[in-house]
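**Student:** This structure is in structure tokens; I'll ask about it shortly.
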Ligand code: 3PG
């Protein structure tokens, strides 16, 4: 994989695919982490050439036509202010100005998601160097994240992309001293992740609805808690590794709107109650601490105060931990910003789905194309 920082850019036409897919409400950007994360590559390129076109997607519009609701105009405004300069917003690759510009939401272009050769060539032929920096979209085999890389004369990974791959890979290399924490609601959506992490980790602590399925598989009463019965067999096989760490205490209530939460032992859950949060037992991690801790997924329904304690204590433990802490995933990032700050963690991935696929041991299409 070639890296942006090693290339000579002076006099070149450069295109960069970034992931600026951020939540926007009525023109207001609600979270700009991904925009800031794209800056190092953009600023690096601008030091050598002004001939730069920035490409991103936003949301999931119907492909092939313009839809104002998914226009990247608010994002362009953010960059105009941040870079303190005018930036053109172009609607096709034929009329690029030769100076810093954005191309409208790439998902307005026919053939993006189907990775059409036509669009991939159009993108690739518009630049001398094509930079892939959209790690959060690296799991999509689209024209701008796969085809254009393959068809470019020279394609490379951007600074964010390189950082993401290096940091996440550092946790997964054979022989690393790793503990993992996997929360979230369903075992089925994280099957590959848990399996792969069981191979690589000393222990895997489970939380959220995932923990319920494991608790039941281990023979415990879980009352009316969320559980995937068809996953009990596989959960049992995973328990047999001896590496799964189950919660010792759980928070139960009648429903998500019930605020009279009780904390009970994992083996004394009343039949009429639901587990909606778990107690984070930090001893599991502080005793024989591993060099790296990898975290994805909340431990309870942290959006509701009454069930946020587990995730809150986990975030506060991790933000002070001496281990190298690597976290990622949409809800995980949201929890970190709710209870602490991203800069208190050693590495927080900008990716959601791509982070999970990477943890699951899959080769992401963009990485395959870059290699
Ligand atoms: C994300 O937010 O996970 C990425 O931008 C990918 O978006 P997508 O799931 O719509 O492809």
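All of the numbers you see were taken from the coordinates with simple rules; none came from a lab. The structure presented is a predicted model; accordingly, all values stated were derived computationally and were not measured. Cβ placement follows ideal geometry from the backbone for every residue including glycine, while neighbour counts extend to all protein chains displayed.
**Student:** Mean-square fluctuation check for the chain, GNM, Cα pairs under 10 Å: which of 138, 240, 327 is largest?
**Tutor:** Comparing 138, 240, 327 in the GNM, the peak value goes to 240.
**Student:** With only alpha-carbon atoms in the gyration tensor, what are the semi-axes of the equivalent ellipsoid for the chain, in Å, largest first?
**Tutor:** 41, 21, 19
**Student:** Order of 121, 130 from fewest to most other C-beta atoms within 10 Å?
**Tutor:** Working: 121 15, 130 26.
Neighbour counts put them in this order, fewest first: 121, 130.
**Student:** Just want the ordering: 295, 78, from fewest to most Cβ atoms lying within 10 Å of their own Cβ.
**Tutor:** The order, fewest Cβ neighbours first, is 78, 295.
**Student:** I've got another one for you. How far is the Cα center of segment 77-95 from the Cα center of segment 114-167, in Å?
**Tutor:** 20
**Student:** Okay, moving on. Report, in whole Å, the centroid distance computed from the Cα atoms of segment 49-66 and segment 333-352.
**Tutor:** Measuring centre to centre over Cα atoms gives 26 Å.
**Student:** What is the order of 60, 17, fewest Cβ neighbours within 10 Å to most?
**Tutor:** Fewest-to-most Cβ neighbours within 10 Å comes out as 60, 17.
**Student:** P(r) tail for segment 265-309, what percent of Cα pairs lie past 11 Å? Before the final figure, lay out each step's value.
**Tutor:** On the way: 746 of 990 pairs.
Roughly 75 percent, rounded to a whole number.
**Student:** For a Förster distance of 51 Å, can you work out the FRET efficiency between the beta-carbons of residue 237 and residue 62, rounded to the nearest 0.05?
**Tutor:** On the way: r = 42 Å, r/R0 = 0.82.
Given R0 = 51 Å and the Cβ-Cβ separation, E is 0.75.
**Student:** For a quick check, take a GNM of the chain with Cα springs below 10 Å and name the residue from 85, 34, 341 with the largest mean-square fluctuation.
**Tutor:** Maximum fluctuation in the GNM of the chain, among the listed residues, is at 85.
**Student:** What value in Å³ per residue do you get for the convex hull of the alpha-carbon atoms in segment 4-162?
**Tutor:** Looking at segment 4-162, the number lands at 100 Å³ per residue.
**Student:** What relative contact order, as a whole-number percentage, does segment 4-162 give when Cα pairs under 8 Å and 6 or more residues apart are counted?
**Tutor:** Value for segment 4-162: 28 percent.
**Student:** Which percentage, to the nearest 5, of the DSSP beta bridges contained in the chain is antiparallel?
**Tutor:** Roughly 25 percent of the DSSP beta bridges within the chain come out antiparallel.
**Student:** Ok, one more. Among 245, 348, 315, which one shows the biggest mean-square fluctuation in a GNM of the chain, springs joining Cα atoms closer than 10 Å?
**Tutor:** In this elastic network of the chain, the residue with the biggest mean-square fluctuation among 245, 348, 315 is 245.
**Student:** Can you pull the Rg over Rh of segment 201-244, Cα-only, Kirkwood?
**Tutor:** Rg divided by Rh gives 0.95.
**Student:** In whole angstrom, how long is each semi-axis of the equivalent ellipsoid of segment 173-359, when you take the square root of 5 times every eigenvalue of its Cα gyration tensor and sort them from largest down?
**Tutor:** 24, 19, 15
**Student:** Shifting gears a bit: Quick one: P(r) of segment 135-186 from all Cα-Cα pairs, 10 Å bins, percents rounded to integers, in order of increasing distance.
**Tutor:** Bin by bin from 0 Å, the calculated values are 19, 35, 31, 14, 1.
**Student:** With both bridge residues required to lie in segment 4-162, what share of the DSSP beta bridges run antiparallel, to the nearest 5%?
**Tutor:** Counting DSSP beta bridges with both partners in segment 4-162, the antiparallel share is about 10 percent.
**Student:** Sum -39500 (n - 2.57) across every DSSP H segment of at least 4 residues in the chain, then divide by the residue count to get the 222 nm mean residue ellipticity, nearest 500.
**Tutor:** Value at 222 nm, helices only, nearest 500: -9000 deg cm²/dmol.
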